[in-house]
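**Student:** Input: one structure, supplied below.
Values quoted throughout were computed directly from the atomic coordinates according to the rules given, and no laboratory measurement underlies them. Being a predicted model, the structure only gives us computed values, none of them experimental. Cβ placement follows ideal geometry from the backbone for every residue including glycine, while neighbour counts extend to all protein chains displayed.
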Amino acid sequence: MSASTTDVDVIVVGGGPAGACAALVAARAGLSVVLLERGPFPGSKNMYGGVVYPRILDQLIPEWWLEAPVQRWVTRRSTMLLTDTQALTVDFRSEAWGKPPHNGATAYRPDFDHWLAGHAEAAGAQIITSTTVTGLIRDAQGAVIGVRTDRPDGDLTARVVIACDGVNSFLAKEAGLYEHTDAKHFTLGVKETLALPKEVIDERFGVRGRDGVDIEIIGATGGVNGGGFIYTNLETIAVGVVLKITKLGAQQQRPEQIIAALKQHPAIAPLVQDGELKEYSAHLIPEAGLKMMPKMTTAGMLVAGDAAALCLAAGIWLEGVNFAMASGMYAGETAVEAIAGGDTTATGLADYQRRLSDTFVLKDHRKLRRAPELVLSDRVQHLYPTMVANVVERMFRVDNPNPKPGVRRILAQERKRAGVRRRDLLRDGWTGFRSFG
Amino acid sequence: MVSSSGVRERHDMSLPSDVVACLKWVSHPGEPHDERFAGISPADRSALEFALVQAAALGTTVTAVTVGPPAAEKVLREALACGATHAVHVPVHGAMHSAHVADAIAEAVPDARWVWCGDYSLDRGTGSVPAFLAARLGAQQALGIIAVHWQGDGLVATRRLDGGRRELLGVSPPAVVSVEGATAHLRRAGLSALRTAAHAEVRTVHPAATAHADDAVVRAYRPRARALAAPVGDTPLDRLRALTDSGAAVAARGDTVTLEPAAAAARIAAALHEWGYL
């Protein structure tokens, strides 16, 4: 459609990081942009338990760290392996991460998303809130030419629609971009936000000032495949679990019970003790990476962020906001070029796929394509933590007057005791090496 | 507003609107500078809906008015998107006494024939602006209304009384009507109206009354102290009952009288004084 026959140049659906970046880029290029957000303000209904990795922001908002509503800069990164009674922690700390341009930050999404969308608005995008997009408008050839909303007089047409409507994207499904969806591709993220005085958080987590901690946890999820996390904000901590939906359903466990059990673990309880529950929230996470990704474009429409399943869940790397911001930015750039070139057909928008493929957005997913399945496998979830924890316990246990056993012997004995077959161990090791190596 | 020459600038402030909706923008007490958590009360939304319905019936315009900080303009744009014809913002930083808020509104819309207000704001203020406004405009007042029936150029308003009773008020213009929140449901703004309202004109006026900004002293609510006579009773339990108004102590104190209005008002005042409320 030509500019004269549409209401606006670009409609962005969803005011999360992907939508805000798409709208920002398109508006800065001088296009007329409307961002439609379901909540009362961008970020109002968004949640995560995680860290914002901000490299994409360097390109969009110079010296963003001077103004972004960040809670803490993550300077300490830990990975914990938990069994019922044991904990093994690998802990890393970097002073450099506490200084610009920073490596990662904790933030409240209602603040962060609102701030980011504010930049899009300042660039000229019109943000319309409390408005739900209920469907697509297509022309006679099937090309997407706009959206329907739940408001009276609610149709809006555009030359390009960028769907950033989050996980389980109804727009991407309606456009036929998802071949199929499968519950096993999703996890459920559940989080409690607990209030504690800042000095208590600083003391318990060994940080000062605005420095913060990111702890990723394997094990202690009540037999449901998944993982746990703890993140420090200034005066709250986020404690939560990410649970495989199918396992959760099969075991008929409730997520809040799993969080309660995690909080009682001897390695976790001292960290969360006396925290006052301020918020409980839950959200679906698209965790299957390449296996579940939709086609990214169709005539008149692009998909970005969680709507395009661009969430990296690869064990030691758990990232989503940075993928959302990058894909939104690339979607915005593609829309700008396609509109300038007068071709918003699937061919005209095909460059979006190239941009994703040539950058970390899809390169990381391709490289780590086997990681999500490996990390959520029964062996990694239930057998290896016990085996590794027992190995370490025996290595550090002093059994005088018995002499210290050799590590190889301990490994062999504990592998058998945990019920891990040698060939499975080798296969998983090879898969892990190919993914992370 | 006082110009550099000292002459009050009153010209071009008023709008020729018959129907006015007053909307009070209230910030979240914990986040006073964060407009995400600010807004208007359901009662104000009801008031706006009544104003729109009435204006449509009368074939006239609606002016939405708010007295508040710059962020309050957002609610005026919502009102415009819902169908208000004009929007008037009286910029004020800080709290202002209800009487001065009413002065400012009255100066901004002196010719209003119908003024609709919510009977409470989000911060549950005193609810006294509508009454002050009626006095300033020389208008009838019908406050705390729960139902409205249009009747010719006027209306019949139903007002809640104690004990589940209701009173019907015949109201004719000029009048100030305040309504409860559940009385009407504000229509949902159309998408194109929302887009247009984002760029629509919001008139900013500076009535002289805004010079009183920050004159309201906001304190935590504390009921007035009551002076109580020593309790009477033969046993500690009787004295406790008398002291706490429980049981027979209350029943013994009630009177049912039939009096002319003036005498009834005097009797009520005397009883309140006797009981320590005045």
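**Student:** What spacing in nm lies between the two simple spin-label points modelled at A:Phe433 and A:Asp139, each 7 Å away from Cα in the Cβ direction?
**Tutor:** Calculated label separation equals 5.5 nm.
**Student:** 7 Å from Cα along Cα→Cβ at both A:Arg408 and A:Asp155: what's the point-to-point distance in nm?
**Tutor:** About 7.6 nm, to one decimal.
**Student:** Using the scaling law 2.2 N^0.38 Å as the reference, what is the normalised Cα Rg of the protein assembly as shown?
**Tutor:** So the Cα radius of gyration is 1.21 times the expected 2.2 N^0.38 Å.
**Student:** Per 10 Å bin from zero, what fraction in whole % of the C-alpha pairs of segment A:26-156 is there, up to the bin with the longest pair?
**Tutor:** Calculated P(r), rounded to whole percents: 10, 28, 28, 18, 11, 4, 0.
**Student:** Still on this model: Round to the nearest 0.05 the FRET efficiency obtained for B:Asp234 and B:Arg165 when R0 = 41 Å and r is the Cβ-Cβ distance.
**Tutor:** FRET efficiency, B:Asp234 to B:Arg165: 0.65.
**Student:** Sticking with this one: List residues of segment A:1-41, by number, whose backbone nitrogen lies under 18 Å from a label position 7 Å along Cα→C-beta of A:Thr345.
**Tutor:** Within reach of a label on A:Thr345, which here means backbone N under 18 Å from a point 7 Å along Cα→Cβ, segment A:1-41 contributes A:1-3.
**Student:** To continue, here is another question. Where does chain A land at 222 nm, in deg cm²/dmol rounded to the nearest 500, when only DSSP H runs of n ≥ 4 count, each adding -39500 (n - 2.57), divided by all residues?
**Tutor:** Calculated from helices alone, the mean residue ellipticity at 222 nm is -10000 deg cm²/dmol.
**Student:** Still on this structure, please answer the following. Taking the inverse of the average 1/r across all pairs of different Cα atoms in segment A:184-286, what Kirkwood radius in Å do you get? Intermediate values should be presented prior to the final figure.
**Tutor:** Details: mean 1/r = 0.0720 Å⁻¹.
Its Kirkwood hydrodynamic radius stands at 13.9 Å.
**Student:** Around A:Asp351, what is the net charge, scoring Lys/Arg as +1 and Asp/Glu as -1 over all other residues with Cβ under 15 Å from its Cβ?
**Tutor:** -1
**Student:** Could you give the length gained by full extension between B:Arg222 and B:Thr61, i.e. 0.36 nm per residue of separation minus their alpha carbon distance, to one decimal place?
**Tutor:** Taking 0.36 nm per residue and subtracting the Cα distance, the gain is 53.8 nm.
**Student:** Distance between Cα centroids, segment A:171-246 to segment B:79-112: provide it in whole Å.
**Tutor:** What the calculation gives is 47 Å, centre to centre.
**Student:** Let me know the longest stretch in chain A that avoids all GluC sites (Glu not before Pro) found in a DSSP loop with at most 13 other C-beta atoms within 10 Å.
**Tutor:** A:180-437
**Student:** Say each of A:Glu256 and A:Glu63 gets a label point 7 Å from the Cα, pointing the same way as Cα to Cβ; how far apart are those two points in nm?
**Tutor:** Placing both labels 7 Å along Cα→Cβ, they lie 4.6 nm apart.
**Student:** How much length is gained on full extension from A:Arg55 to A:Ala282, taking 0.36 nm per residue of separation minus their Cα-Cα distance?
**Tutor:** 79.1 nm
**Student:** Here's another thing I want to ask about it. PRE reach from B:Ile146 (point 7 Å along Cα→Cβ): which of segment B:34-52 fall under 16 Å by backbone N?
**Tutor:** B:43
**Student:** While we're on this one: Using the alpha carbon gyration tensor of segment A:377-436, what are the three equivalent-ellipsoid semi-axes (square root of 5 times each eigenvalue), largest first, in whole Å?
**Tutor:** Result for segment A:377-436: semi-axes of 25, 11, 10 Å.
**Student:** Roughly how many whole Å is it from the C-alpha centroid of segment A:16-77 to that of segment A:289-364?
**Tutor:** 16
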